[in-house]
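The values are calculated or read from the model by the stated rules, or taken from the named source; none is laboratory data. Treat the numbers as computed from the prediction; the structure is a model and nothing was measured. Cβ coordinates were reconstructed from backbone atoms using ideal geometry, including for glycine residues, and neighbour counts include every protein chain displayed.
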Amino acid sequence: MNQAKVFLLMTGLMVFMILVGGAIGGEQMAIIFFGIALVMNVGMYWFSDRVVLKMYKAKTVSREDAPELYEMVDRLRQRAGLPMPTVAIAPQEQPNAFATGRNHKNSVVCVTAGLLRLMNREELEGVIAHELAHIEHRHMLVSTIAAAMAGAIVMIARWGIFFGDRDRNLVVMLLLMILAPLAAMIVKGAISRTNEFQADATGAKIAGSPDGLANALRRLEGYAERIPMDVNQAGASLAIVNPLRGKDALGAMGRLFSTHPPTEDRIAALQELKGTY
């Protein structure tokens, strides 16, 4: 199923780029955009994890750089029976986390500086276990490619609006202005909201208790409301809670891209697991 979604996403990008190229500059530009789409598809498959890390301004770390975090990830991934993922830290003060990568052997667990600073050990373990669960269930490839593709569409929209010939082709400009909602539709269509419930349940099992993750989700939701995060809207879909939760226009865009079920529903589902591990 995930492979089919990846194929559809890549095919959709190809068709979209050809149509945009044709609308902007006719057959010659359509051919150029077809070539760009080929390069983007190859790049998204092999390097989409790097694109996502760049969205969050994250840097990979070694055991020597962050020994406590690295050892926690190592211990929990062994409990889950997974290869050791790359560990990364994003500099944002908002506590959050995500997993990315194309398979078990090429996966990344990324946490923000705020998560390390504001969560206690049990909560941090719950969050990391949740991200490892996404890796275990192979949610990352579709999610990462969808985020990278949506980010590219938003970038094209901004490029087209800035450089387009508004006097000559107003229709194209209007089409470009609706690309952000289109990108949001792609992300929501590719990423199942049930993935979060599945990762929560498996993460609780990996951590040995649902309490840490449930408490973390409750606190993360509150922090996301108060502490802004500077990240591409498309990358928000990968985080454990929607990082763009403000009341301003950015928050509205964050809700547009949100693929997360209500946090209170996730916490309730975790509470039902108490005593099962």
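Criterion applied to Ala184, Ala157 was being in a helix (DSSP H, G or I), crowded, with 22+ Cβ neighbours inside 10 Å and modelled with pLDDT under 95, and the one residue passing it is Ala184. Go through the stretch 98-152 and give me each residue that's over 23 Å from Asn215 (Cβ atoms), of a type in the set (A, V, I, L, M) and modelled with pLDDT of 85 or more. Correct list: Val108 only.
Out of the residues in the stretch 43-79 that are polar (S, T, N, Q) and at pLDDT 95 or above, state the one that is nearest to Lys205 (Cα to Cα). Among them, the one singled out is Gln78. Inspect the stretch 160-172 for any residue being buried (at least 18 other Cβ atoms within 10 Å of the Cβ) and modelled with pLDDT of 55 or more and give the result as yes or no. Scanning the stretch 160-172 turns up no residue that is buried (at least 18 other Cβ atoms within 10 Å of the Cβ) and modelled with pLDDT of 55 or more. When Gly81 is tested against the conditions (1) in contact with a strand residue (DSSP E or B) (Cβ under 8 Å, 6 or more places away or on another chain); (2) within 21 Å of Ala133 (Cβ to Cβ), the lone failure is (1). Scan the stretch 196-234 for residues that are more than 22 Å from Gln271 (Cα to Cα) and free of Cβ contacts under 8 Å to residues at least 60 places away in the same chain and the total you get is 2.
Every condition in (1) in contact with a Phe, Trp or Tyr (Cβ under 7 Å, 6 or more places away or on another chain); (2) farther than 21 Å from Ala236 by Cα holds for His104 except the one numbered (1). Only one of these conditions is not met by Ala113: (1) in contact (Cβ under 8 Å) with a residue 12 or more places away in the chain; (2) touching a helix residue (DSSP H, G or I) at 6+ places or on another chain (Cβ under 8 Å). Which number is it? Result: Ala113 passes all but (2). Residues of the stretch 256-277 that are among the basic types (Lys, Arg) and modelled with pLDDT of 90 or more: Arg266 alone. The residues of the stretch 51-71 that are crowded, with 16+ Cβ neighbours inside 10 Å and over 12 Å from the mean Cα position of the chain (by Cα), listed by number, are Ala58, Val61, Ala66, Leu69, Tyr70. In the stretch 208-255, how many residues are at pLDDT 75 or above and over 17 Å from the mean Cα position of the chain (by Cα)? Adding up the residues that qualify gives 16.
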